[in-house]
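Enquirer: Below are the structure tokens for one structure; questions will follow.
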Amino acid sequence: MLATNLSSTSSATATTATRQTDIGQKDIFLKLLVAQMENQDPLKPQDATQMSSQLAQFNMVEQQTQSNKYLEQMVAAGGASSSVAQPGTGASYLGHSVTVNQDQLLYDGTSQNFTAVLDEPATDVLAFVFDGAGNPVRTMQFANLPAGATSMVWDGTLDSGAIAPQGNYSVQLSPLNINGAEVGYAIQRTGQVDAVRFNATGTELMVGGVATSIANITELRL
């Protein structure tokens, strides 16, 4: 509670100091103007045109000061919001081809390409495809895959031999090295960004009909 009061007091003090500084700057001009009028020659009073010009200049300075404050507030607000939604950054990805770390697939009746990125060589790799309910529907086996990226394809065929219904699926791997130990991996997809969504949690890119965050992007191409 004490910290909050101190913070509020500090903020109020800073605001007051800023206002006093602004008033002090305005007072300097007004004092000079009054002093000029008091010390002018009675027989040669100040030219009204010059006084109007000086007042106009003072008004322009005041407006410029306010404009600068508004610009600073806009820049500050833009910086704060960019960490959440990043609208400018998200929109710039539209139409570009990206590679993302993601194991989600949207099967639309055509073969689905994805990439397995292994931390080290694996002698035995099982790739499992799960339906939207989390049930395994397809198992594919690979042997002697190198470290790094290896392209894989799921043609939509189920273990039963039937063709999978269109919808959302996911991919998981079970890679083992020569000693039978599990190998670390990542699943990646490559596709074109065809839409951008902004929400309370951040910015999402639609790649191949599947939403992904900007943080998942590993590569961007024209």
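Enquirer: What does the charge add up to near residue 118, with Lys and Arg as +1, Asp and Glu as -1, over the other residues with Cβ less than 14 Å from its Cβ?
Expert: -4
Enquirer: Taking the number of other C-beta atoms within 10 Å as the exposure measure, put 189, 197 in order starting with the fewest.
Expert: Final ranking by Cβ density, sparse to dense: 197, 189.
Enquirer: Out of every Cα pair in region 89-221, what percent are spaced more than 22 Å from each other?
Expert: 42
Enquirer: Normalising by the residue count of region 89-221, find the relative contact order in percent from Cα pairs under 8 Å and 6+ residues apart.
Expert: Over region 89-221, the number comes to 38 percent.
FYI, it's all coordinate maths here, none of it is from the lab. It should be emphasised that the depicted structure is a prediction, and the values quoted were computed from it without experimental measurement. Counting neighbours? That spans all protein chains shown, and the Cβs are built from the backbone with ideal geometry, glycine included.
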